[in-house]
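Before any comments, here is the structure.
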Amino acid sequence: MTDVAIIGGGAAGAALFGALLKQDSAATVHWITGASTAGRGVAYATRDDRHLLNVRASGMGLYVDPEEDFLQHAQSDHQDACGTDFLPRRWFGDFVEAQLRSRIDAAEKRGRRFALHAAEAVRVEPRQHGYDVLLANREVLRAGKVVLAVGALSPRPLRTVAAEALASGAYELNPWNLPQHVRAPRRLIVIGTGLTAVDTLLSASTQWPHAELVAVSRHGQLPFVHPPLPAQPYSLQSRLNATLLGCEGTADMLHAIRQAANEAPDVDWRSFIDGMRPINASLWQGLTLARRRQFLRHARWIWEAARHRTAPGSAQSIQQLRDEGRLQILAARVLGVDGHGPLEMTVRNRASQVTSRLQADLVVQATGLDTAVAFTEHALLSQMMADGLAVADPLQLGVSALPDGRLIDAAGQAQAGLYAIGSLLRGNLWECTAMPEIRAAAHSLAHALSNGQQAQGTGRASPAVA
Ligand SMILES: Cc1cc2nc3c(=O)[nH]c(=O)nc-3n(C[C@H](O)[C@H](O)[C@H](O)COP(=O)(O)OP(=O)(O)OC[C@H]3O[C@@H](n4cnc5c(N)ncnc54)[C@H](O)[C@@H]3O)c2cc1C
């Protein structure tokens, strides 16, 4: 049994660490968490209770074990919390920390070996039987198996943003940094209209009650909204899924979903999308590279809005801001952002194709997950790419990997003992970033790491490596 090193202190790292701690083994589990609070990562570090989970409480958890219960934990402080509620993300962060504490306590009692390292991993080097992991504090850990759980990459500025605008302090690349801006903007523009943009707008509306808020994206499409109570599952979903698995591309899939909707007009359309969850990875893996590219270009925006829906409470608050005239949503392409602050944004309206200029005291980029490892300044991933240990997915959706998470090297070989979990695997699994998928992946990977078997991935390798 060889030691395991998990790199990344977010919820994916926590789920895997906890799953490994539960096993009886003589090996040591190293968890390299970086400087932030272990387990919370980007999503659950928020202190703003207007930032809600986009999964109902009953669907959230860290492990797959039946004894863990997020709802029960939430109810110990908030008795009226319900399984169908979309609770604050902070509460889930508290739950993750509590779950970790109890796993760590139990592991200590059993003499299970583990070590937490509050430092960043900066290099991974192959050795004869495993890897050396170098930390920023110069410590070197030797492990037979290494898992990258580093989440999404730090956002890169859009190409249309001028250097002077970036240097001005009025262009914010990290939406979670809003509280650090002390001067109230008269107008704040958010680039993006997805879930992160929704959170940013809700925070900004409280932080600066008099600010005019604008959100701009190419389609101006906000996420669709979850129904207040779960919709009834579609009774013929398995037939629909079988049809979808036989489709050639996304146009055929869309046609199949439309047909099902026509045949069952009483079924909430969201049930069709939710019922596809178990086959999403297989559907993605069945697409050729060209069809994946086509999907990303033409259908990604609407898929993201339909699949990653917003909590009804968040949607109501956004609607209220719009009704009060405090928030405007624009469907427009951002052609440029210039100036030293205030900033000038040039946009081309989608419907009219008219170009106009908007002034803003603060522009926040909230354009979603960045997984383009080929362009990243992430020290560890850059080194692994330079050394051929990691290769970018051909569509810049993370790294090339097998469906079980094993990384493909520059020679096209799957590497023994080198894995990824979470966002870096989007190229292979597409939907792999939400907790329901992450906790299942962590469970399967923990099993594989301890047994020396492959994790249970779904389907085939990505087209570039097949
Ligand atoms: C704002 C937001 C809201 C979300 N809401 C939900 C939700 O409601 N429900 C749901 O199911 N999913 C949600 N998600 C999906 C979310 O991505 C997952 O739930 C989960 O939090 C992802 O965890 P992660 O560990 O993969 O990534 P992250 O949370 O990004 O954590 C990765 C961590 O690794 C650290 N790290 C990076 N490089 C290194 C290194 N070299 N050495 C050491 N540490 C390193 C990073 O600093 C970071 O702390 C949300 C995501 C976001 C961004």
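The values are calculated or read from the model by the stated rules, or taken from the named source; none is laboratory data. Model, not experiment: these values are computed from the prediction. For neighbour counting, all protein chains shown are included, and Cβ atoms are generated from backbone atoms with ideal geometry for every residue, glycine included. What goes into the accessible areas is simple: the full protein's heavy atoms, side chains included, and nothing from ligands, DNA or RNA. Shrake-Rupley method; radii C 1.70, N 1.55, O 1.52, S 1.80 Å.
Note on T367: accessible area approximately 80 square angstrom, rounded to 10, probe 1.4 Å, nucleic acids and ligands left out. Within the stretch 416-436, name every residue whose backbone N is under 20 Å away from a label modeled 7 Å from Cα of L296 along the Cβ vector. Only 420-434 pass the distance filter. Packing here is the average count of other Cβ atoms within 10 Å per residue, and on that basis the peptides 230-238, 183-191, highest first, run 183-191, 230-238. Between D323 and V182, the C-beta separation translates, for a Förster distance of 35 Å, into a calculated FRET efficiency of about 0.75. In the stretch 116-224 the Cα-Cα distances spread across 10 Å bins starting at 0 as 11, 31, 22, 19, 15, 2, 0 percent of all pairs. With protein chains left intact and a 1.4 Å probe, residues in the stretch 237-302 average 56 Å² of accessible area per residue. With protein chains left intact and a 1.4 Å probe, residues in the stretch 1-43 average 30 Å² of accessible area per residue.
When the Cα positions of P312, V214, A440 are compared along the charge dipole of the chain, V214 comes out farthest toward the positive end, with charges on each C-beta of Lys, Arg, Asp and Glu. In this structure, C82 and Q232 have a Cβ-Cβ separation that, at R0 = 22 Å, corresponds to a calculated FRET efficiency of about 0.75. At each listed q (0.15, 0.18, 0.21, 0.26 Å⁻¹), what is the log10 of I(q)/I(0) that the Debye formula gives for the stretch 237-302 modelled as equal alpha-carbon point scatterers? So the normalised log intensities work out to -0.45, -0.65, -0.88, -1.27. Comparing Cα centroids, the stretch 120-195 and the stretch 68-116 end up 26 angstrom apart. Among the trypsin sites (Lys or Arg not before Pro) in the stretch 1-89, those located in a DSSP loop and surrounded by at most 14 other Cβ atoms within 10 Å of their own Cβ are R47. Once C-alpha pairs closer than 8 Å and six or more residues apart are averaged by separation and normalised to the residue number of the chain, the relative contact order reads 20 percent. Taking Cα centre as origin and charging only the Cβ of basic (Lys, Arg, +1) and acidic (Asp, Glu, -1) residues, the dipole magnitude of the stretch 237-302 rounds to 400 debye. Think of each Lys and Arg Cβ as +1 and each Asp and Glu Cβ as -1; about the Cα centre, that makes the dipole of the chain roughly 780 debye. Full extension of the chain between A119 and D387 yields a length gain of 94.3 nm, computed as 0.36 nm times the residue separation minus the alpha carbon distance. A simple spin-label model places pseudo-atoms 7 Å from Cα toward Cβ; at A264 and D338 they are separated by 5.4 nm. Over all other residues within a Cβ to Cβ distance under 11 Å of A315, the charged ones net out to +2, with Lys and Arg as +1 and Asp and Glu as -1. Protein heavy-atom surface of the chain, 1.4 angstrom probe: 50% of the accessible area is carbon and sulfur, with nucleic acids and ligands not counted. Here's the picture: charge each Lys and Arg Cβ at +1 and each Asp and Glu Cβ at -1 in the chain, and of I7, L407, Q180 the one pushed furthest to the positive end of that dipole is L407.
How much net charge surrounds T33 when only the other residues with a Cβ under 11 Å from the Cβ of T33 are counted, with Lys and Arg +1 and Asp and Glu -1? So the environment of T33 carries a net charge of 0.
In the chain, a dipole from Cβ-located charges (positive for Lys and Arg, negative for Asp and Glu) runs towards its positive end, and of F92, V334, A38 it is V334 whose Cα lies farthest in that direction.
The Rg/Rh ratio for the chain, using Cα coordinates for both the radius of gyration and the Kirkwood hydrodynamic radius, is 0.96.
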